[in-house]
1. Treating the angle as unsigned and between 0 and 90°, give the value, to the nearest 10°, between the Cα long axis of helix 26-36 and the longest Cα principal axis of the chain.
2. Mind sorting 184, 235 by how few other Cβ atoms lie within 10 Å of their own Cβ, fewest first?
3. With the crude spin-label approximation of a point 7 Å out along Cα→Cβ, what separation in nm comes out for residue 156 versus residue 169?
4. Taking every DSSP beta bridge that has both residues in the chain, what percent is antiparallel when rounded to the nearest 5?
5. If you rank 12, 47, 124, 32 by fewest surrounding Cβ atoms within 10 Å, what's the result?
6. When a footprinting reagent is the concern and you count Cβ atoms within 10 Å, what order do 78, 29, 109, 158 take, fewest first?
7. If the elastic network links every pair of Cα atoms under 10 Å, which of 177, 110, 13 fluctuates the most in the Gaussian network model of the chain?
8. How long is the gain from residue 87 to residue 236 if the chain were fully straight, where each residue apart is worth 0.36 nm and the alpha carbon distance is subtracted?
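Just so it is clear, none of the values below were taken in a lab; they were calculated from the coordinates. These numbers come from a predicted model, not from an experiment. Positions of Cβ are generated from backbone atoms using ideal geometry, with glycine treated the same way; all protein chains shown enter the neighbour counts.
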């Protein structure tokens, strides 16, 4: 099963998971991304891997004119129901239905690790961006993917398990507050992400390892180890 099919199979679970305010880490990290990584709205913002649309809706609330693509028909249906005025397109990230140089800002929020061919998706984003345009990225931090806390206490040690380098498959089902979600995708090292960006003609001009927002009690120990990586890259 490719990852597009995997997300289609989990679509109903993801909608319940993502649309419960405060349920997952998004609610405690999104402002850091929107306030310090994403530039002011320009002509057209492309979101690659929009899912059920919560990032698109947050971008639109901040004044962006967004075109959003995803590979799951069910998630796009939910996105359009929540945002009837939005522009949502069914497409694979490796073959974006956008002309060369037609976009001046692209966003991939927690989606690059879900694409079966991440480097090809980065090349496609570079193709549709005009020179000097910006690509804003959030991914789970490679250190998050490589290990885990040995226990539930706030001071539990963080242990790297297995191999950090290269690319490897992950599959994990998480149950939280009565909701279940199966996550499937790819773990990439920092070098793998940056090689993809550089090969596609990007120059990284910002890198952040954000802390959870104050009051995020469930994520307090992630103030010790980064959960996410935020990157802003400019097309040369």
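1. Tilt of helix 26-36: around 50 degrees.
2. On the way: 184 19, 235 23.
Ordered by Cβ neighbours within 10 Å, fewest first: 184, 235.
3. 2.7 nm
4. Values: 26 of 43 bridges.
The antiparallel proportion sits near 60 percent.
5. Working: 12 12, 47 27, 124 22, 32 18.
Lowest to highest Cβ neighbour count: 12, 32, 124, 47.
6. Values: 78 20, 29 23, 109 28, 158 15.
Ranked by crowding around the Cβ, least crowded first: 158, 78, 29, 109.
7. 177
8. Details: separation 149, 0.36 × 149 = 53.64 nm, distance 2.76 nm.
Full extension from residue 87 to residue 236 adds 50.9 nm.
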